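Notes follow once the structure below has been shown.
Every number here is computed from the coordinates shown, using simple stated rules; none is lab data. Only a predicted model underlies this, so the values are computations on that prediction, with no experimental measurement involved. Cβ: placed from backbone, ideal geometry, glycine included. Neighbour counts: every protein chain shown.
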Amino acid sequence: MDIDAGLVKKLREACGAGIMDCKMALNEAQGDMEEAIKILRKKGMASADKKSSRATNEGIVDYYIHPGAKVGVLIEVNCETDFVARNEDFKVFVHDVAMHIAAASPAWVSRDDIPEELKAGELEIYSAQAKQSGKPEAVIQKIAEGKLAKWYSTVVLLEQEFVKDPEKTIEDLRREIIGKIGENIEIRRFARFRVGDEVA
């Protein structure tokens, strides 16, 4: 069955599951939105938002060293219990994210970590570029905001496409592991090192 992208988006907004999970659920439900939500709930994929307010005081610090030892990443990912911190699926998720950071070089975990003046500066640049098109002000604003969103997808870890599966973002991956494990999981911080980089 050919599933409409708008329907997939609507389902994602309704339950917070990943793109591929929404597509599969809609296929299974023959395009029935309510049935697709039930399917996702049964799989535990729709529970991520409800768990996002829970405290994450446990977790692990992991590392990834790229072959050749020129790039390395240190990452802290938190969960709710020590039991989950020892879970193999959790450890694989953490290591995959560390490997992704080595490859994709994000600057921040989330949009909230970006200084407001930097966001404003980027928006100003995109607005100035859009004004050169001679389009109406309302259109210029949308173009600028679209470019800003595109910039976020390159510098914000949670919004980047996962290098091992570009159909998913890191946020999709995080929501999936929350649904699978049943605990809130938070990528707290990371540091990426590359030989020859200047020390800030």
Segment Met33-Glu124, extension gain: residue separation times 0.36 nm, minus the distance between their alpha carbons: 28.8 nm
Where labels lie 7 Å past Cα in the beta-carbon direction, separation of Arg189 and Glu116 in nm: 2.3
Pairwise Lys count, region 118-200 - Cα closer than 17 Å, eight or more residues apart or different chains: 9
Tell me whether region 133-200 comes out rounded, prolate or oblate; compute the Cα gyration tensor, take square roots of the eigenvalues as a ≥ b ≥ c, and use a/c under 1.5 as the rounded threshold. oblate
[x] 49, 34, 30; [y] 52, 48, 32; [z] 58, 52, 27, with the label sought being that of the calculated Cα extents along the principal axes in Å: [y]
Taking K and R as +1 and D and E as -1, what net charge do the other residues with C-beta under 14 Å from the C-beta of Ile125 add up to? 0
Which residues' amide hydrogens lie under 5 Å from the amide hydrogen of Arg189, considering only partners 5 or more residues apart or on another chain, with H built in the peptide plane? Glu76
In nm, spacing of pseudo-spin labels at Thr81 and Val163 (7 Å Cα→C-beta vector): 3.3
